[in-house]
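**Student:** Supplied in structure tokens, the structure appears directly below.
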Amino acid sequence: MSVFRLAFMNFRNSFRSYLSLVLSLAFTILILFNFQNLIYSGPFAVLGGHNKQYIDMLVETVSVVLGCFMFFFLWYATNVFLTRRKREIGIYIFMGMSNRKIGRLYVIEISLVGVTALAAGIGSGALLGGLFQMIMGAVSDIAVDVRFGVSWKAVNVTGVSFLAMYFFFALKGYWNITHSSVLSMISAARQNEYVRMPKTVLSAKAALGAAVLSAGYYLANKGGRQSMLNNALLAVVLVIAGVYLLFGGLIPLALQTLSANKHFLYRGQRCLWVNQMVFRMRKNYRTYAMVCIVGICSVTALATGFAMKERYHNIVRFDNQYTFQLLTNQSGLGEKASALIGGAGDIACQTSLAALSLDADHLVLKYSEVKRVAQERGERFDLSEPADDETVYLSYQMLMSLIVHEQPVPVMIGGKAYLVTRTVRDAYIGYMQREMGCFYVVSDSEYERLKEQGTTLYIHNYKLADDMDFAAARAAVDTLISNTDENFTARVAVDPFDNDTDWIKALHSLCIFMFLVFVVACGCIMFMKLYNDSFEEKERYLVLRKLGIPSGTISASIAQELLSAYMLPFAVIAVSAYFSVHALGRMMYTSLFSIYVVSTLAVFAVFVLCYMLSVAVYRKNVL
Amino acid sequence: MITREVKKSKMNDNKVVEIKNLIKSYGAKDFQTTVLKGIDLTIYKNDFIAIMGPSGSGKTTLLNILSTIDKPTQGMVTLDGHDVTHISNRELAKLRKDKIGFVFQDYNLLDTMTLQDNIALPLALDGAPAKKILDRTRELAAAFGLEAQLRKYPYQLSGGQKQRGAVCRALITEPEIIFADEPTGALDSRAGKDLLHCLCRVNESGQATILMVTHDPHCASYAKDVYLLSDGMMKCRISRGSDRKEFYSRIIDLQTSIGGDFA
Ligand SMILES: Nc1ncnc2c1ncn2[C@@H]1O[C@H](COP(=O)(O)OP(=O)(O)OP(=O)(O)O)[C@@H](O)[C@H]1O
Ligand SMILES: [Mg+2]
């Protein structure tokens with residue numbers, strides 16, 4: 001029989017054992033395909049040229065991340081497959097096949113798998129693409145025009161990049177098989193020797209892991225200016241290393257200690273599943289660590305997405321606090337402007353206050369005035385009056401910053417040094433705060449003292465009731481602008497229809513997309529691993545049944561074992577993600593705790609789903 | 001009805017297993033081969049029976065039916081007073097768990113746990129208190145010379161140690177009867193002897209009733225009674241008496257008279 005026919009027969013007759021690989025590959029293809037779709041339609045199509053450079057940057061970044069992700073995922077999936085398949089086709093050695101021939105057999109088989117997966121992935125991608133975009137649209141308030149069509153470009157890009165990577169790994173497998181010893185091929189030594197490790201080695205690993213992990217957590221949340229980025233990068237490396245050591249050391253150590261305590265162990269099914277768990281942990285700890293890292297990424301991605309959305313709304317709200325703002329040295333301008341704007345459309349709210357100009361870079365505001373204006377506008381106000389040598393800086397909402405100020409910094413205003421005790425990001429003076437960036441609030445008494453030294457300016461703010469009146473009102477206001485030697489008036493107009501910040505929305509959608517990728521990958525990896533394991537476990541459960549152990553007991557033990565198999569990584573994900581989201585929150589100047597909770601719950605939901613699926617499949621396979 | 005009642009009370013005295021006119025055939029209607037052609041056998045408490053027979057004579061088939069893994073085509077099998085041919089699968093599983101201990105040719109220890117946990121497993125699954133399990137495990141391990149091996153994993157044990165461990169596991173639930181299919185089949189003569197000595201000891205001390213299938217006359221000579229199965233029928237039965245060496249030569253004689261060497 002030719003190698004090709006043999007491969008084809010293997011593929012057809014035991015499709016079930018190829019299924020997990022086919023599914024996981026199809027999943028990768030689905031992701032890639034959907035990403036292409038996302039580029040050619042979806043959120044990006046809606047955004048105009050305004051945001052082009054941001055979007056291109058985003059797409060590039062995500063492409064790189066996705067590319068890396070795909071590479072590692074394919075590596076992992078083909079590796080798992082190779083290990084199992086090698087054992088099965090190794091038997092052909094006894095029939096006089098050479099390693100090279102077996103290698104060829106493997107390449108043909110895995111090619112069949114790849115082609116099937118590609119067809120399945122693109123097929124399901126075309127079918128599910130619309131659904132996928134609808135989900136994205138729902139979670140990311142961008143009006144997505146859902147398309148069910150297949151873009152040939154997307155198919156091409158997906159197919160070519162997948163096949164290129166895939167055949168690389170297929171050839172790697174060929175190389176592996178041709179360079180394997182006969183013994184490892186037939187793996188007669190199927191005995192499992194990784195059951196137990198010396199306690200000292202485990203303890204050392206555990207201690208190191210705990211130290212590395214806590215160092216990572218600490219760094220991620222450490223204060224300090226400018227070093228935030230370095231800290232964050234170092235923290236990522238430490239957390240990854242720590243998670244590996246945790247699963248290679250601490251967790252096996254804990255489980256091993258538990259299983260050595262017979263009073264704990266000999267209680268119903270525990271005897272069975274705790275031992276199984278120890279065994280599984282020793283054998284699969286790399287997989288668990290990987291799942292954890294991908295899981296942390298997924299929680300962080302979703303949290304970033306939510307945070308971006310929240311931040312986007314905050315920025316829009318900040319910028320649109322007032323529609324028009326005037327800064328002038330003329331005292332009677334307020335009424336005039338009010339009449340003009342009022343002529344073009346209803347004014348929802350108008351406020352005025354004075355500012356002191358002491359030098360080019362600083363405008364000083366009076367504490368009680370700021371408070372009054374904020375209250376008139378209905379803005380939250382929780383500032384307490386600064387001391388005479390203190391000041392509060394009025395800043396603006398930004399997307400994120402890698403520099404975290406914590407210490408008060410001194411500032412020189414009108415020849416006197418003040419300590420900036422607080423930086424406020426509420427829109428007391430509206431968009432002007434962002435535009436000018438030079439407002440400082442001082443105490444009432446200090447303001448009165450400074451009044452002698454500076455010139456008084458007037459700030460008038462107006463908020464239109466109806467955005468539709470904007471154009472007419474702006475034309476009216478513009479007649480007031482003057483810039484003569486003794487008179488000057490500056491105007492700030494905020495176009496409510498402006499979409500300069502829409503790229504943040506795209507960022508948000510991308511984060512959600514990445515979350516979906518990561519979380520499904522997490523579930524897939526766990527599921528695939530357990531699915532593969534269930535073939536190995538079959539013999540073990542057969543023994544149990546021969547011993548007359550009722551299938552109900554075995555079922556319960558499986559459920560317990562899989563539950564801990566899923567919940568252990570989940571616990572690590574939940575703890576680690578808390579720190580990563582916290583660090584993110586510090587960069588974004590907000591507490592993301594509720595977002596962290598929601599994101600973690602989303603991952604939890606996916607895990608529960610995969611768990612139930614795994615239990616069902618596992619039972620079907622071994623019972 | 002009445003006869004059944006009587007039977008049951010008698011059984012409680014000493015009958016553990018009773019089979020009557022047991023017939024087992026394989027295959028569909030036209031291609032049926034009858035492997036067991038009407039077998040009668042009663043096992044009493046504290047028996048140690050070896051069933052011998054040439055390859056293909058139906059030893060494993062008989063054992064599988066007795067141990068409720070397989071169902072007979074015809075005939076009656078009662079186990080500790082329960083008619084196993086007419087009870088539900090659930091009850092069967094319970095019966096298997098409570099009344100029967102198994103020893104397999106290839107040990108079938110779980111490679112994921114230590115020998116101690118392997119021995120303890122049936123009792124732990126049964127929900128016994130940990131203290132009792134520990135005591136019982138140690139007691140059995142001592143009886144089988146395995147104290148030093150308890151913390152080892154199966155891959156660290158010799159075949160003989162594994163098989164003795166498997167016997168401990170079969171004994172831990174204090175079953176009514178132990179079924180062993182070629183228990184020494186995978187062991188060398190030394191390890192086989194050790195195992196048989198242990199089996200003899202637990203049998204003589206009244207802890208176990210044993211039914212063993214073997215084709216090895218030396219192995220069979222450790223039993224109290226040897227039955228010969230041939231062509232699906234119980235051909236004859238011989239009992240040991242006090243001298244094992246003499247019993248062994250009688251088994252050999254019987255074997256030659258039936259025709260051929262089984263092994
Ligand atoms: N599932 C089955 N279907 C059909 N025939 C079977 C089946 N199981 C066993 N047989 C047949 O029943 C006969 C007895 O088999 P059994 O396994 O009981 O033999 P044995 O006495 O245990 O032999 P050995 O000493 O070689 O183990 C054999 O001829 C075998 O071919
Ligand atoms: Mg047999």
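The values are calculated or read from the model by the stated rules, or taken from the named source; none is laboratory data. Remember, it's a predicted structure, so these values are computed and weren't measured experimentally. Ideal geometry is used to build each Cβ from the backbone, glycine not excepted, and the neighbour counts take in all protein chains shown. Heavy atoms of the whole protein, side chains included, go into the accessibility calculation; ligands, DNA and RNA do not. Shrake-Rupley method; radii C 1.70, N 1.55, O 1.52, S 1.80 Å.
**Student:** If we scan segment A:530-544, do we find a residue that is outside any helix (DSSP H, G or I), of a type in the set (V, I, T) and within 14 Å of chain B (Cβ to nearest Cβ)? Give the steps one after another, and end with the answer.
**Tutor:** So the first thing to find is which residues in segment A:530-544 are outside any helix (DSSP H, G or I), and the list is none.
Checking segment A:530-544: not a single residue is outside any helix (DSSP H, G or I), of a type in the set (V, I, T) and within 14 Å of chain B (Cβ to nearest Cβ).
Matching residues to (1) open to solvent by 30 Å² or more (accessible area, probe 1.4 Å); (2) over 13 Å from A:S180 (Cβ atoms); (3) not in a helix (DSSP H, G or I):
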{"position": "A:K86", "(1), (2), (3)": "yes, no, no"}
{"position": "A:I89", "(1), (2), (3)": "no, no, no"}
{"position": "A:E109", "(1), (2), (3)": "no, yes, no"}
{"position": "A:T116", "(1), (2), (3)": "yes, yes, no"}
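**Student:** Can I ask one more? Among B:L229, B:L195, B:L199, B:L254, which is of a type outside the set (G, A, S), in contact (Cβ under 8 Å) with a residue 12 or more places away in the chain, within 16 Å of ligand 1 (Cβ to nearest atom) and more than 14 Å from chain A (Cβ to nearest Cβ)?
**Tutor:** On the way: B:L195 fails: within 16 Å of ligand 1 (Cβ to nearest atom); B:L199 fails: within 16 Å of ligand 1 (Cβ to nearest atom); B:L254 fails: within 16 Å of ligand 1 (Cβ to nearest atom).
Going through B:L229, B:L195, B:L199, B:L254 in turn, the sole match is B:L229.
**Student:** Output yes when any residue across segment A:494-503 is modelled with pLDDT under 80, open to solvent by 30 Å² or more (accessible area, probe 1.4 Å), in a helix (DSSP H, G or I) and in contact with a helix residue (DSSP H, G or I) (Cβ under 6 Å, 6 or more places away or on another chain), and no when none is. Walk me through how you get there before you give the answer.
**Tutor:** Pass one, segment A:494-503, residues modelled with pLDDT under 80: A:496-503.
If we keep only those that are open to solvent by 30 Å² or more (accessible area, probe 1.4 Å) as well, we get A:496-501, A:503.
Now drop any that are not in a helix (DSSP H, G or I), which leaves A:503.
Okay, now just the ones that are also in contact with a helix residue (DSSP H, G or I) (Cβ under 6 Å, 6 or more places away or on another chain), so A:503.
Scanning segment A:494-503 turns up at least one residue that is modelled with pLDDT under 80, open to solvent by 30 Å² or more (accessible area, probe 1.4 Å), in a helix (DSSP H, G or I) and in contact with a helix residue (DSSP H, G or I) (Cβ under 6 Å, 6 or more places away or on another chain).
**Student:** Checking B:H215 against (1) in a helix (DSSP H, G or I); (2) over 24 Å from B:Y44 (Cβ atoms); (3) within 15 Å of the chain's Cα centre (by Cα): exactly one of these is not met. Which one?
**Tutor:** The failed condition is (1).
**Student:** Also, quick follow-up: I'd like the full set of residues that are hydrophobic (A, V, I, L, M, F, W, C) and either at the interface with chain A (Cβ under 10 Å from one of its Cβ atoms) or open to solvent by 20 Å² or more (accessible area, probe 1.4 Å) (or both), limited to segment B:145-165.
**Tutor:** First, pick out the residues of segment B:145-165 that are hydrophobic (A, V, I, L, M, F, W, C): B:146, B:148, B:150, B:157.
The one that is hydrophobic (A, V, I, L, M, F, W, C) and either at the interface with chain A (Cβ under 10 Å from one of its Cβ atoms) or open to solvent by 20 Å² or more (accessible area, probe 1.4 Å) (or both): B:A148.
**Student:** Counting only residues that are open to solvent by 50 Å² or more (accessible area, probe 1.4 Å), within 13 Å of ligand 2 (Cβ to nearest atom) and in a loop (DSSP other than H, G, I, E, B), how many does segment B:36-63 have?
**Tutor:** 2
**Student:** Mind listing just one residue for me: the one in segment A:317-332 that is assigned to a loop (DSSP other than H, G, I, E, B) and open to solvent by 20 Å² or more (accessible area, probe 1.4 Å) and, of those, nearest to A:D469 (Cα to Cα)? Lay out the reasoning, then the answer.
**Tutor:** Narrowing segment A:317-332 to residues assigned to a loop (DSSP other than H, G, I, E, B): A:320-323, A:329-332.
From the residues that got through so far, the ones that are open to solvent by 20 Å² or more (accessible area, probe 1.4 Å) too are A:320, A:329-332.
On the way: A:N320: 14, A:N329: 27, A:Q330: 26, A:S331: 26, A:G332: 24 Å.
The extreme case among them is A:N320.
**Student:** When you scan segment A:284-306, do you find a residue that is outside any strand (DSSP E or B), within 14 Å of chain B (Cβ to nearest Cβ) and closer than 30 Å to B:K131 by Cβ, even just one?
**Tutor:** No, every residue in segment A:284-306 fails to be outside any strand (DSSP E or B), within 14 Å of chain B (Cβ to nearest Cβ) and closer than 30 Å to B:K131 by Cβ.
**Student:** Which members of segment B:85-111 meet the condition of being of a type in the set (A, V, I, L, M, F, W, C) and surrounded by fewer than 18 Cβ atoms within 10 Å (Cβ to Cβ)? Explain how you work it out, then say what you get.
**Tutor:** So the first thing to find is which residues in segment B:85-111 are of a type in the set (A, V, I, L, M, F, W, C), and the list is B:87, B:92-93, B:95, B:100, B:102-104, B:109-110.
B:I87, the sole residue that qualifies.
**Student:** Among the residues of segment B:64-78, write down those that are within 12 Å of chain A (Cβ to nearest Cβ) and either touching a residue at least 60 places away in the same chain (Cβ under 8 Å) or assigned to a helix (DSSP H, G or I) (or both).
**Tutor:** Within segment B:64-78, B:N64, B:S67 qualify.
**Student:** Right, next: Could you grab the pairs with beta carbons closer than 9 Å, sequence gap of 6+ or different chains, first residue in segment B:82-109 and more than 10 Å from chain A (Cβ to nearest Cβ) and farther than 19 Å from B:K15 by Cα, second one open to solvent by 50 Å² or more (accessible area, probe 1.4 Å) and in a strand (DSSP E or B)?
**Tutor:** Filtered contacts from segment B:82-109: B:E91/B:H82.
Okay, residues lined up against (1) at pLDDT 85 or above; (2) in the same structural domain as A:L353 (by TED's automatic domain parsing); (3) open to solvent by 60 Å² or more (accessible area, probe 1.4 Å):
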| site | (1), (2), (3) |
| --- | --- |
| A:E406 | no, yes, yes |
| A:G414 | no, yes, no |
| A:V424 | no, yes, no |
| A:E448 | yes, yes, yes |
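**Student:** Just for segment B:173-183: of the residues that are at pLDDT 90 or above and closer than 22 Å to B:A142 by Cβ, which one is farthest from ligand 1 (Cβ to nearest atom)?
**Tutor:** The extreme case among them is B:I178.
**Student:** Also, quick follow-up: Only one of (1) open to solvent by 30 Å² or more (accessible area, probe 1.4 Å); (2) within 14 Å of chain B (Cβ to nearest Cβ) is not met by A:N275, so which one is it?
**Tutor:** All conditions pass for A:N275, except number (1).
**Student:** Another one. Being open to solvent by less than 10 Å² (accessible area, probe 1.4 Å) and away from ligand 1 (no atom under 16 Å from the Cβ) is the filter here; which residues of segment B:209-225 pass it?
**Tutor:** Passing the criteria: B:T209, B:I210, B:S221, B:Y222, B:A223.
**Student:** Exactly one of these conditions fails for B:S67: (1) small (G, A, S); (2) at pLDDT 85 or above; (3) within 16 Å of ligand 1 (Cβ to nearest atom). Give me its number.
**Tutor:** Every condition holds for B:S67 apart from (2).
**Student:** Also, quick follow-up: Do we find that A:K283 is at pLDDT 85 or above and assigned by TED's automatic domain parsing to the domain that holds A:P569 in this structure? Show your work before the answer.
**Tutor:** Numbers: at pLDDT 85 or above: no; assigned by TED's automatic domain parsing to the domain that holds A:P569: yes.
So A:K283 fails the test.
**Student:** Out of (1) within 14 Å of chain A (Cβ to nearest Cβ); (2) within 16 Å of ligand 1 (Cβ to nearest atom); (3) within 14 Å of the chain's Cα centre (by Cα), the odd one out for B:I49 is which?
**Tutor:** (1)
**Student:** Still on this structure, please answer the following. Any chance segment B:83-103 includes a residue that's within 13 Å of the chain's Cα centre (by Cα), modelled with pLDDT under 85 and away from ligand 1 (no atom under 16 Å from the Cβ)? Break it down stepwise before answering.
**Tutor:** Initially, segment B:83-103 is screened for residues within 13 Å of the chain's Cα centre (by Cα), giving B:96, B:99-103.
From what's left, modelled with pLDDT under 85: B:96.
Still in the running and away from ligand 1 (no atom under 16 Å from the Cβ): B:96.
Checking segment B:83-103: at least one residue is within 13 Å of the chain's Cα centre (by Cα), modelled with pLDDT under 85 and away from ligand 1 (no atom under 16 Å from the Cβ).
**Student:** Among the residues of segment B:64-84 satisfying the criterion of being of a type outside the set (S, T, N, Q) and surrounded by fewer than 19 Cβ atoms within 10 Å (Cβ to Cβ), which is farthest from ligand 2 (Cβ to nearest atom)? Walk me through it before giving the result.
**Tutor:** Looking only at segment B:64-84, we keep the residues that are of a type outside the set (S, T, N, Q), and these are B:65-66, B:69-72, B:75-77, B:79-84.
Those left that are additionally surrounded by fewer than 19 Cβ atoms within 10 Å (Cβ to Cβ): B:69-71, B:75-76, B:81-83.
Values: B:I69: 13, B:D70: 12, B:K71: 18, B:G75: 20, B:M76: 23, B:G81: 28, B:H82: 26, B:D83: 26 Å.
My answer is B:G81.
**Student:** Hey, another quick one. Only residues that are within 13 Å of another protein chain (Cβ to nearest Cβ), open to solvent by less than 20 Å² (accessible area, probe 1.4 Å) and at pLDDT below 85: list them for segment A:545-599, please.
**Tutor:** A:G548, A:I549
**Student:** So which of B:A186, B:A128 is at pLDDT below 90, open to solvent by 10 Å² or more (accessible area, probe 1.4 Å), aliphatic (A, V, I, L, M) and within 16 Å of ligand 1 (Cβ to nearest atom)?
**Tutor:** On the way: B:A128 fails: within 16 Å of ligand 1 (Cβ to nearest atom).
Within the list B:A186, B:A128, the selection yields B:A186.
**Student:** Are there strands (runs of 3 or more DSSP E) fully within segment A:337-435 with at least 1 residues that are closer than 30 Å to A:A471 by Cα and in contact with a helix residue (DSSP H, G or I) (Cβ under 9 Å, 6 or more places away or on another chain)? List them. First the steps, then the outcome.
**Tutor:** Working: elements: A:347-359, A:362-366, A:390-394, A:409-413, A:416-424.
The strands (runs of 3 or more DSSP E) meeting that bar are A:347-359, A:362-366, A:390-394.
**Student:** Criterion first (away from chain B (no Cβ under 14 Å) and open to solvent by less than 50 Å² (accessible area, probe 1.4 Å)) does A:A254 satisfy it? Don't jump to the end; show me each part of the working.
**Tutor:** Details: away from chain B (no Cβ under 14 Å): yes; open to solvent by less than 50 Å² (accessible area, probe 1.4 Å): no.
Against the criterion (away from chain B (no Cβ under 14 Å) and open to solvent by less than 50 Å² (accessible area, probe 1.4 Å)), A:A254 does not qualify.
**Student:** Going by the conditions given, is A:V291 in contact (Cβ under 8 Å) with a residue 12 or more places away in the chain and either within 30 Å of A:V364 (Cβ to Cβ) or crowded, with 23+ Cβ neighbours inside 10 Å (or both)?
**Tutor:** Numbers: in contact (Cβ under 8 Å) with a residue 12 or more places away in the chain: yes; either within 30 Å of A:V364 (Cβ to Cβ) or crowded, with 23+ Cβ neighbours inside 10 Å (or both): yes.
Considered against the rule, which asks whether it is in contact (Cβ under 8 Å) with a residue 12 or more places away in the chain and either within 30 Å of A:V364 (Cβ to Cβ) or crowded, with 23+ Cβ neighbours inside 10 Å (or both), A:V291 comes out as yes.
**Student:** Could you give me the residue pairs with C-beta distances under 7 Å whose first residue belongs to segment A:450-461 and is open to solvent by 20 Å² or more (accessible area, probe 1.4 Å), whose second residue is assigned to a helix (DSSP H, G or I) wherever it lies, and which are 6+ apart or on separate chains?
**Tutor:** So the pair list comes out as A:Y458/A:L333; A:Y458/A:G334.
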